[in-house]
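Okay, structure first, notes after.
The values are calculated or read from the model by the stated rules, or taken from the named source; none is laboratory data. What you are looking at is a predicted structure, and each value in this text was computed from that prediction instead of being measured. Ideal geometry is used to build each Cβ from the backbone, glycine not excepted, and the neighbour counts take in all protein chains shown. Accessible surface areas use protein heavy atoms only, side chains included; no ligands, DNA or RNA. Shrake-Rupley method; radii C 1.70, N 1.55, O 1.52, S 1.80 Å.
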Amino acid sequence: MKTGFFNVLDVQSFIDRLRGFDHLPALQTPLDEAHGCVLAAPVVSPEDLPAADRSCMDGYAVRAADLFGTTEGNPAYLECTGTVSIERPADFSIAAGECAAIVTGALLPRGADAVVMVEHTQEMGAGTVEIRKSVAPHEHVMLRGEDAVQGQPALTAGTLLRAQEIGLLAALGVQTVHVHRRPRVGIFSTGDEVIPAHATPRPGQVRDVNSHALQAMARAAGAAVTCYGIVPDDEKALTAMLARTTAENDMVLLSGGSSVGTRDLTMAALDSLDGAAVINHGVAISPGKPLILASADGKGHHCAVWGLPGQVTSAQVVMFVLGIPFVHWLAGRRTPFDQSVWASRRAVLARNIASRQGREDYIRVRLHAEEDGRVTATPVTGKSGLLRTMLQAHGVVRIPAHSEGLDSGTQVDVLLFGGGY
C-alpha cells in the first residue's frame, strides 16, 4: 500500500466504491425486535389478508347495482333481511332489492358487493330502509387478499421494517423475520489537543465534539454504536486502536488526521495495520474533501474505515451525505444513496449561492415560511470549525459539480437533517 496518496474522486465514483462493501449477514429475529431492520429475504404470505370481504363501515351491505342513481332527492328503498355481526358470519344471502345491517369488520353476506354508511340511511319501519346515496362496487369494503395474497410475497427483500410493516406481519401471524444484522459502528477521535467533553480545556485544547455528534447520527440510523474515546497523535497508539476497532465493528469512524498535514497520521497507521487497504483518500465534496476510505480485515469480516475531517461541521456534513447512507447500505437497504427519496422540502433560495466547479457543494440553509405562502431557504455561512452553522440550519442544498452556483429565486430541494432516508 502507498502511504499519503491523495486522489480526489467525484462523489458518484466514491459511492461506487462504497457499494463494493457487502450487505451484512442475515439472521432470524423476533418480530418485536426487528423494527428498523431490513428484510434479507421476502416474506411469503401464509394466508389471504383479509381472509374474506369485510365491511369498513357501520351501515348496510348492499348490491351496488340496486342503488344506481340514488341521491338525497331520489332515495332507494331496500328490505333488510338480517343483521351481520363480527362474531358470526351471515348464514343468508341478499338478492335484488335487499340489504343487511352490518358493523365494521364483519364479513359481507353472499350477494353483497358494497356497504352504505349508516349516515346515509333511515329505517322506515317494517324492515324497510331508505338509502340516500349511491355506492360503487366494493365501496367501503376490504376485499379478500387486498393486503396480502396467500403464497405471494407480502414484503420483498430490502424492505425497511417500520411500524407499518411490523403491523402487517403481525396481522399475518409472522413471529420471526430474516433480517440483515444491524451495523456495528465504532467511533473515536484523534489529536493531542482533543479532550473529553467533561474536562476543562486549557489554552489550545478543545472538547471532543465529533464522537458525540457522530454517535448520535449513527444511532439514529439504526446502528449499534461503541465509542472508544480519544487517541493521541501517536502512530503506534492509532494503529493499536484501529486493530481493536476494526476487529469489533463493521464500520469505524475516526475524526481528525485525514488531511495531508504533518500531524495527520491516519494514512500511516493504516499502512502499518495488517490486512488494511486504503480504497481512496479525497472526495470532491465541500465540506469534507480529505475523507479517507479504507478496508480492514476484522474477525471474519471486512470493516470499512472512515477517516473523517476533524472540523466539526465537515465531519457532520460528510456523515449526513455519505456516512449515514452507508450505514443503511450495510444494513441491507438497496438504494440509500438516492437523494430523491430522502426527506426534503421544496423551497426558494433567498439569495445567490456561489460554488466552484468540479466539486459538489452542500450548503447549509435555514427554512422560513413567508407571509405569501412561500418557503424560503437562506444560506447559513460560516467556517467549518464552527458549530453555529449546523445549529441554525434545517438542512442542506446540493450544488452539482458542474455548476458555478445558484441564483436567488431558484427552486431547490432542501435535504432535511434528521428527516430519515
Among the residues in segment 155-168, are any in contact with a Pro (Cβ under 8 Å, 6 or more places away or on another chain), in contact (Cβ under 8 Å) with a residue 24 or more places away in the chain and among the hydrophobic types (A, V, I, L, M, F, W, C)?
yes
Scanning segment 42-100 for residues that are open to solvent by 40 Å² or more (accessible area, probe 1.4 Å), of a type in the set (D, E, K, R) and closer than 30 Å to G173 by Cα gives E47, D53, R54, D58, E87, R88, D91
Considering each residue of segment 74-95, count those that are basic (K, R) and over 50 Å from the mean Cα position of the chain (by Cα), and give that number.
0
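Okay, residues lined up against (1) in contact with a helix residue (DSSP H, G or I) (Cβ under 9 Å, 6 or more places away or on another chain); (2) at pLDDT 95 or above; (3) over 30 Å from L31 (Cα atoms); (4) among the charged types (D, E, K, R):
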| position | (1), (2), (3), (4) |
| --- | --- |
| R184 | yes, yes, no, yes |
| D192 | no, no, yes, yes |
| P201 | no, no, yes, no |
| G204 | no, no, yes, no |
| R207 | no, no, yes, yes |
| A218 | yes, yes, no, no |
| E235 | yes, no, yes, yes |
Checking the structure you have, find out if any residue of segment 402-415 is within 30 Å of V179 (Cβ to Cβ), touching a Gly at 6+ places or on another chain (Cβ under 9 Å) and open to solvent by less than 50 Å² (accessible area, probe 1.4 Å).
yes
Taking the stated definitions as given, is R351 part of a loop (DSSP other than H, G, I, E, B), charged (D, E, K, R) and either surrounded by 17 or more Cβ atoms within 10 Å (Cβ to Cβ) or more than 27 Å from the chain's Cα centre (by Cα) (or both)?
yes
Condition check for R398: within 23 Å of the chain's Cα centre (by Cα), outside any loop (DSSP other than H, G, I, E, B), over 30 Å from P183 (Cβ atoms) and modelled with pLDDT of 95 or more:
no
I'd like the residue in segment 9-44 that is in contact with a Gly (Cβ under 7 Å, 6 or more places away or on another chain) and more than 19 Å from D250 (Cβ to Cβ) and, out of all such residues, is modelled with the lowest pLDDT.
L9
Looking at R54, R63, which is the one that is within 27 Å of Q150 (Cβ to Cβ) and either modelled with pLDDT of 95 or more or among the basic types (K, R) (or both)?
R54
I'd like to verify a number: residues in segment 61-80 that are over 21 Å from L107 (Cβ atoms) and of a type outside the set (A, V, I, L, M), how many?
9
Within segment 313-348, residues of a type in the set (V, I, T), more than 22 Å from L386 (Cα to Cα) and open to solvent by 10 Å² or more (accessible area, probe 1.4 Å) come out as T335, V341, V348
What number of residues in segment 354-370 are in a strand (DSSP E or B), open to solvent by 20 Å² or more (accessible area, probe 1.4 Å) and closer than 18 Å to K289 by Cα?
4
Expected single match for more than 13 Å from G191 (Cα to Cα), open to solvent by 40 Å² or more (accessible area, probe 1.4 Å) and of a type outside the set (D, E, K, R) among P232, P287, P203 is P203
Please go through segment 267-322 and pick out each residue that is free of Cβ contacts under 8 Å to residues at least 40 places away in the same chain and over 17 Å from R359 (Cα atoms).
A269, S272, L273, D274, G275, A294, G300
Tell me which residues, restricted to segment 120-146, are in a loop (DSSP other than H, G, I, E, B) and either among the hydrophobic types (A, V, I, L, M, F, W, C) or free of Cβ contacts under 8 Å to residues at least 24 places away in the same chain (or both).
A126, V135, A136, L143
For G373, work out the one condition from (1) open to solvent by 20 Å² or more (accessible area, probe 1.4 Å); (2) of a type in the set (G, A, S); (3) in contact (Cβ under 8 Å) with a residue 24 or more places away in the chain it doesn't fulfil.
(3)
Those helices (runs of 4 or more DSSP H) lying entirely in segment 152-253 with at least 2 residues over 31 Å from the mean Cα position of the chain (by Cα) and closer than 26 Å to G20 by Cβ:
235-248
Inter-residue pairs, beta-carbon under 9 Å, first more than 14 Å from R63 (Cα to Cα) and in segment 94-119, second open to solvent by less than 20 Å² (accessible area, probe 1.4 Å) and part of a loop (DSSP other than H, G, I, E, B), 6+ apart
L107/P50
Please work out if V174 is aliphatic (A, V, I, L, M), at pLDDT below 95 and either touching a strand residue (DSSP E or B) at 6+ places or on another chain (Cβ under 9 Å) or under 19 Å from G288 (Cβ atoms) (or both).
no
